[in-house]
Amino acid sequence: MIRRRKLLGLILAILLSGPVLAADDQPGILVLGGTRGVGLETVKLLLARGDAVTVLVRPTSDLTALNMTEATLVVGDALDRDSVDAAFASGEFRAVVSTLSGKGKDGKMADAEGNINGIDAAVAAGVNRFVLVSSIGVGDSKEALPWIARFMLRGFLEAKGRGEDHLFVSGLDYTIIRPGNLDNDDATGRGILTEDRSAGGSISRSEVARLVVEVLDQPAAFRKVYAAIEAE
């Protein structure tokens, strides 16, 4: 009799807790910068594990690779806040991944203004998880780059730093991943994340994407900044 009551109580608790969502019914992932490089590789991995993925794409982007996937595409520009808001309004999302980089026609840097738009839009939409792919050499990792690299990349690093700084004070559950020198080699499984601010090295774009997907749903990675490099 006691066991029957416990069983009935368990069934009642499950019913009152609401329906269990299947993988296809869970809120999806919005990717900014998903048309190439780390972003594209991240989209592929997310889709492969069953996530619904939406990508904000510019009208002039080469969509050849994305059109071969099941990702949902929203046309717009990360440098235009209205476009970013429209991307968030296009579906229900539990997280954002941004790999934005580059300069627009007006001279604005997607690394800064694009990411700031994405961060502010996430706050406004109530999407609390944000993974930002930045770069070794930004912020407190500047000493990990040789001085000549810091000099040559100063505009790029400064813009990424502005994006990071905005994310730090956003209140979002962020993770910042700072890759080392990027290459197009195949994934090796040897990519690692470290909080050592002096760490430097190289890593493939495919490995960075794997690490992004790995930390996406890990609360232990919230409010953390990592360098991403290939382990020797």
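Readers should treat all values here as calculations from the given coordinates under stated rules, not as data from a laboratory. In this text the structure is predicted, and so the values were computed from the model without any measurement. Ideal geometry is used to build each Cβ from the backbone, glycine not excepted, and the neighbour counts take in all protein chains shown.
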Antiparallel content of DSSP bridges confined to the stretch 23-230, in %, to 5
15 percent
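When a/c is below 1.5 the answer is rounded, else prolate if a/b is larger than b/c, else oblate, so apply that to the stretch 53-135 with a ≥ b ≥ c taken from the square roots of the Cα gyration tensor eigenvalues.
Rounded is the answer for the stretch 53-135, as its axis ratio a/c remains below 1.5.
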Sequence of S61, S206 once ranked by neighbouring C-beta atoms within 10 Å, starting from the fewest
S61, S206
Please give the peptides 153-165, 130-142 ranked by average Cβ packing (other Cβ atoms within 10 Å per residue), highest first, as a rough proxy for protection.
130-142, 153-165
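Output the peptides 46-57, 176-187, 192-203 sorted from most to least packed, where packing is the average of other Cβ atoms within 10 Å over each peptide's residues. Could you put the intermediate results ahead of the total?
On the way: 46-57: 19.5, 176-187: 17.4, 192-203: 15.5.
Highest to lowest by the protection proxy: 46-57, 176-187, 192-203.
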I'd like the GluC sites (Glu not before Pro) in the stretch 44-153 restricted to DSSP loop residues with at most 10 other Cβ atoms within 10 Å, sorted by number.
E70
In percent, how large is the relative contact order of the stretch 23-230, given Cα pairs closer than 8 Å and 6 or more residues apart?
19 percent
Summing -39500 (n - 2.57) over every DSSP H run of at least 4 in the chain, dividing by its residue total and rounding to the nearest 500, the 222 nm mean residue ellipticity is -10500 deg cm²/dmol
Mean separation of Cα contacts under 8 Å, 6 or more apart, over the residue count of the stretch 41-81: relative contact order %:
43 percent
Which of rounded, prolate or oblate describes the stretch 23-230 when judged by the alpha-carbon gyration tensor and an a/c cut-off of 1.5?
rounded
Across the chain, qualifying lysine pairs (alpha carbons under 29 Å, at least 8 places apart or different chains) come out at 16
Residue exposure sequence - T72, T35, T60 - by fewest surrounding Cβ within 10 Å
T60, T72, T35
